[in-house]
Amino acid sequence: MTASKVLEGKVALVTGASSGMGRATTALLASHGANIVCCDLNPKPNPKGFEKDLHLTTVEVVEQLGQKAIFCQVDISNLKQVEEAFTKAVETFGRLDINVNCAGFWAPFGPFGEETDELWQKMVAINTLGTSKCMRLAVKQFMKQEVDEALGSRGRIVNVSSCAGHFSFPGEVAYSATKAAVNHMTRAAATDHAKDYININVVAPGVVHTGMARGNIEDKDISALMKKSTPWPRLGTTQDIAESIVFLCLPGSQWITGQLLAVDGGMTLGVPYPT
Ligand SMILES: NC(=O)c1ccc[n+]([C@@H]2O[C@H](COP(=O)([O-])OP(=O)(O)OC[C@H]3O[C@@H](n4cnc5c(N)ncnc54)[C@H](O)[C@@H]3O)[C@@H](O)[C@H]2O)c1
């Protein structure tokens with residue numbers, strides 16, 4: 001099906017845009033007509049990714065779709081770099097309509113008692129503070145703009161947390177806690193800014209085929225546990241996540257705010273049927 005150009009003239013800033021869910025979301029937003037500010041540590045995709053076009057940067061993917069894109073080298077835990085990226089976005093495209101926060105940090109599973117202060121500091125700096133900084137800058141820019149008639153709102157923010165933010169998965173306490181913070185800051189900020197016609201929602205993925213998850217997917221024991229914990233007969237794809245994120249950026253979702261959308265093959269529903 002050909003995508004409609006419902007986001008023609010709209011501008012999206014996506015963090016973690018070079019790989020995985022951020023890259024798939026960027027491509028889908030561009031196919032709907034948006035121009036994109038691609039923010040990431042690296043312009044090239046994660047070489048461990050499952051993408052078939054790993055030789056292309058995300059900027060090149062967007063350009064092939066006929067839209068404009070710029071790359072901003074940003075570590076979201078570096079608050080000055082985040083500010084520069086938002087400034088560059090508005091300098092380049094004149095406005096901002098959508099902010100998707102996919103960039104995140106995960107560390108291999110380990111027991112809680114052995115998690116270090118450094119691990120916690122890095123998790124908080126990237127997943128919680130970095131996401132919060134992006135959200136606040138997006139809100140500030142949205143507040144300078146009028147309510148967009150076509151979009152039905154002043155701007156959209158979609159965060160990416162994790163199923164681990166609302167149920168317990170073994171061996172990732174620091175990660176889970178920082179993703180739970182993303183879930184709750186989504187709800188709280190959405191409450192603050194509903195009156196301003198700003199939608200803020202969060203997508204919580206289950207296990208998805210990306211470079212970040214490749215080690216788990218290729219580990220026989222971890223993979224068996226993840227498949228057993230996912231009632232749906234397959235694990236997730238970046239397209240599953242991108243479709244949900246983009247839904248939350250389209251006119252049809254304009255009355256949805258502060259919601260957590262679990263896109264996880266049912267992983268967080270309860271105990272799966274024995275197989
Ligand atoms: N893959 C999964 O199974 C899974 C499950 C639940 C949640 N998540 C979350 O989904 C999000 C996207 O991850 P993915 O699986 O697509 O991984 P990925 O490795 O394919 O992509 C992550 C991208 O984020 C970038 N990035 C990492 N740290 C950054 C930082 N500090 N500043 C800017 N960019 C940074 C990386 O360079 C990479 O391009 C993450 O927030 C992750 O925690 C992933």
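The values are calculated or read from the model by the stated rules, or taken from the named source; none is laboratory data. Nothing here was measured: the structure is a model prediction, and the numbers come from that model. Using ideal geometry, Cβ is built from the backbone for each residue, glycine included, and neighbour counts are taken over all protein chains shown. These accessible areas exclude ligands, DNA and RNA; they are computed on the full protein's heavy atoms, side chains included. Shrake-Rupley method; radii C 1.70, N 1.55, O 1.52, S 1.80 Å.
Points worth noting:
- The stretch 1-123: C-alpha gyration tensor shape, a/c 1.5 cut-off, then a/b vs b/c: prolate
- Residues of type lysines that Lys80 reaches as a straight line, Cα spacing below 28 Å, ignoring anything fewer than 8 places off in the same chain: Lys10, Lys44, Lys68, Lys88, Lys122, Lys133, Lys140, Lys144, Lys179
- Carbon/sulfur fraction of accessible area - the chain, other protein chains in place, 1.4 Å, %: 58 percent
- Cα-based shape type of the stretch 11-263, given that a ≥ b ≥ c are square roots of the gyration tensor eigenvalues and the cut on a/c is 1.5: prolate
- Qualifying trypsin sites (Lys or Arg not before Pro) in the stretch 114-216, DSSP loop, other Cβ atoms within 10 Å at most 14: Lys144
- Extension gain, Asp117 back to Lys80 (0.36 nm per residue minus Cα-Cα distance, nm): 11.0 nm
- Directionally averaged projected area (convex hull, Cα atoms, the stretch 129-275), nm²: 9.4 nm²
- For the stretch 11-263, the solvent-accessible area of protein heavy atoms averages 45 Å² per residue (probe radius 1.4 Å; ligands and nucleic acids excluded).
- Rg/Rg_globular for the stretch 118-162, with Rg_globular taken as 2.2 N^0.38 Å and Rg from C-alpha atoms: 1.49
- Sum of -39500 (n - 2.57) over DSSP H runs of 4+, divided by residues of the chain (222 nm, nearest 500): -11000 deg cm²/dmol
- Rounded to 5, percent antiparallel among DSSP beta bridges of the chain: 5 percent
- Förster-model FRET efficiency, 41 Å R0, Glu218 and His184, C-beta, rounded to 0.05: 0.80
- Neighbour cut-off at most 14 other Cβ (10 Å), DSSP loop, chymotrypsin sites (Phe, Trp or Tyr not before Pro), the stretch 184-275: Trp255
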